[in-house]
Amino acid sequence: MAGTNQPYHASSKPSKPFTTNIYISLKKTNLYTLALVLFLCAFSYLFGIWRHGGSLTLNKITTAASTIKNFVPVPCDHSKPTVTTTSEGKRLDFATHHNADDLDVTSTSEVKTYPSCNVNFSEYTPCEDAKRSLKFNRHQLIYRERHCPKKDEKLKCRIPAPYGYKNPFTWPASRDFAWYNNVPHKHLTVEKAVQNWIRTEGDRFRFPGGGTMFPNGADAYIDDIGRLVNLKDGSIRTAIDTGCGVASWGAYLLSRNILTMSFAPRDTHEAQVQFALERGVPALIGIMASKRLPYPSRAFDMAHCSRCLIPWAEFGGQYLIEVDRILRPGGYWILSGPPINWRKHWKGWERTKDDLNDEQTKIETVANSLCWKKLVEKGDIAIWQKPVNHVNCKVNRKITENPPFCPAQDPDKAWYTNMEICLTNLPEVSHNRDIAGGALPKWPERLNAVPPRISRGTLEGITAENFQKDIALWNRRVSFYKAGNNQLGQTGRYRNILDMNAYLGGFAAALTNDPLWVMNVVPVHAKVNTLGVIYERGLIGTYQDWCEAMSTYPRTYDLIHADSVFTLYDGRCEMEDVLLEMDRILRPEGSIIFRDDVDVLVKIKKITDGLNWDGQIVDHEDGPHQREKLLFAVKSYWTAPADQN
């Protein structure tokens, strides 16, 4: 046939008879192949069951169906943290089902445990250790500054609370009372008995609110100051108390919406800062010696010294120069005690009139050289005011430049930074009435107003728009935290709070209406130094390197917030050392909120299990698809044994 002799092309179609024959042939072949495949599959499955000693039963099918039935769907509403449970109400185990890429999978089941330290370490402050300090120079009290242990000297054990330790009184009762067993020291009750610092009443201490220079109580003393400068209109919000004693001045300023950073050295007045913290008052261990205080320039609206025994006029006046650095333009310095009102007190102070007069003259001279104006000296109180800018100061000091203005420097750099005998320059202004660095709204408006350091563009990459977004972000996050940890929303449960990586202070700002305070830490390794912004918002904080211990006593904080801290310190120091420090400064039954990458949280969880913390990893507030997760943890209650106390 003609059709069978046609040449083949790729587009050609075979004739109809040929197509029919191939189709019938393929149909038979496919049926045989399918039957063979089904037979082999069935045989292989049954052979496998036989090899493993099992049998296919209706029971196994039923179990599988039940498993599918009990699977819990994840809700779409991410406004609340998801705590996943089975239908029987059991919480899923977050502990061992996720491994970081670089963990050794052969040892994930092994949890390193950390023993208790000896009870002698119950008040251990690693960087202010009395024995270590004796190795250092006593000139200018350098030996009382921070001197931290080397890597091989760090403790790898948990600091015990003293036997009988109790949760502190809730605020405001804690202002007036603390449990004796929490700070078992009666030294101050004897040494300061006449001055009404502290008394023992049965199983507790009572703080009458007295002080060396205010025997009628801190409240009456603050009222005296309030008659000289306005403490009520919100223009004064942040204060610093140098040599604070048990921090009664700061404690009573809180009722006036003034937040005070109190500090004192760890010295013969045993546990004075620890008493302050037990009362629920912000405080740190610190001293004015050779290093700058760990605060930015232009931080405080008011500085205070009540018989703090700091030699203000010595060493070229460097301590008053340091107060000038951290004081805001227009801020106040308040001095009471020697040498103020020496004509009345010189006999009681056991000093000569000439000696006290000479000391006051020197202080006045240093203050004048800083261009401060003495506002008033009335009774036992003297007040100076820093100028709002340096326009007139530079003109008036052309002849006498002592101390000189500092050369180009970073005035906010204050971590192991030497004090200098030079006057810190204020930002330039165009008019002699302008406030250097920008004016601040009064409290509470300043909390959410754009800080001048941001509005003036002095912080790289941070704009007013970023700031407003940060406010909204942390309001939402704190609401989420309160849903995950319902005790955070309970009045009085937490008083002393630490934010280990505060950035713009958004976490603290979102908690401002609660009866608590937040120590905002800007790590020295942070990309941008934002601590000045935090102070401009009317909040307080400090610098810190988390590879070292914090200058505070054990059991300082009720709650610690750690946002991306361990990502920031990855490769800088050991994770367990940071977590052991957190364990040291956290109270028994205190809480921690970690926010970090999920792989980092898995590593953290493994170590905190060894610290005997109870913890659970939960999803990010934006849902389970975010790599960033949260770890809510609680430190267990335990103390030193009774026979070791």
Task: Square roots of five times the Cα gyration tensor eigenvalues for region 445-644, Å - done: 27, 18, 18
TODO: Please express the Cα-Cα pair-distance distribution P(r) of region 211-396 as a list of whole percents, one per 5 Å bin, running from 0 to the bin with the greatest distance.
DONE: 1, 8, 16, 21, 22, 18, 10, 3, 1, 0
Task: Cβ-defined net charge surrounding LEU631, 9 Å radius [Lys, Arg +1; Asp, Glu -1] - done: +2
Task: Proximal charge balance of ASP355 [Cβ under 14 Å; K/R count +1, D/E count -1] - done: 0
- [ ] Would you work out if region 241-312 is rounded, prolate or oblate? Take a ≥ b ≥ c from the square roots of the eigenvalues of the alpha-carbon gyration tensor; rounded if a/c is under 1.5, else prolate when a/b is larger than b/c, oblate otherwise.
- [x] oblate
Task: Hull volume in cubic angstrom per residue (convex hull over the Cα atoms of region 172-263) - done: 97 Å³
Task: Isotropically averaged projected area of region 577-645, using the convex hull of Cα atoms (one quarter of hull area), nm² - done: 5.0 nm²
Task: Cα-Cα over 19 Å, subset of LYS482/LYS629; LYS151/LYS413; LYS374/LYS398; LYS603/LYS635; LYS232/LYS442 - done: LYS151/LYS413; LYS374/LYS398
Open item on the list: Suppose each label sits 7 Å from its Cα in the direction of the beta carbon; what would the ASP355-ASP152 distance come out to in nanometres?
Closed with: 4.8 nm
Open item on the list: Checking the table LYS186/LYS353; LYS131/LYS527; LYS186/LYS344; LYS135/LYS291 against a 29 Å threshold on Cα-Cα, which pairs fail?
Closed with: LYS186/LYS353; LYS131/LYS527; LYS186/LYS344
TODO: Work out how much length LYS398 to ARG227 would gain on full extension: take 0.36 nm times their residue separation and subtract the Cα-Cα distance, in nm to one decimal.
DONE: 58.0 nm
Open item on the list: Which residues among region 195-231 fall inside the zone where the amide N is under 17 Å from a point 7 Å beyond the Cα of LYS186, along Cα→Cβ?
Closed with: 197-207
Open item on the list: Going by Cα centres, region 504-537 and region 581-645 are how many Å apart?
Closed with: 22 Å
Open item on the list: Just to be sure I understand: if I project the alpha-carbon convex hull of region 419-528 onto a plane and average over all orientations, what area do I get in nm²?
Closed with: 9.5 nm²
- [ ] Quote the FRET efficiency, to the nearest 0.05, computed for SER636 versus LEU309 with a Förster distance R0 of 45 Å and r equal to the Cβ-Cβ distance.
- [x] 0.65
Task: Burial ranking of peptide ranges 413-419, 509-515, 346-352, 532-538 (average Cβ count within 10 Å, highest at the top) - done: 532-538, 509-515, 413-419, 346-352
Open item on the list: What is the distance in Å between the Cα centroid of region 288-318 and that of region 404-434?
Closed with: 15 Å
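Each reported figure results from applying straightforward, stated rules to the coordinates on display, with no laboratory input. Everything numeric here is computed off the predicted structure, so don't read it as measured data. Ideal geometry is used to build each Cβ from the backbone, glycine not excepted, and the neighbour counts take in all protein chains shown.
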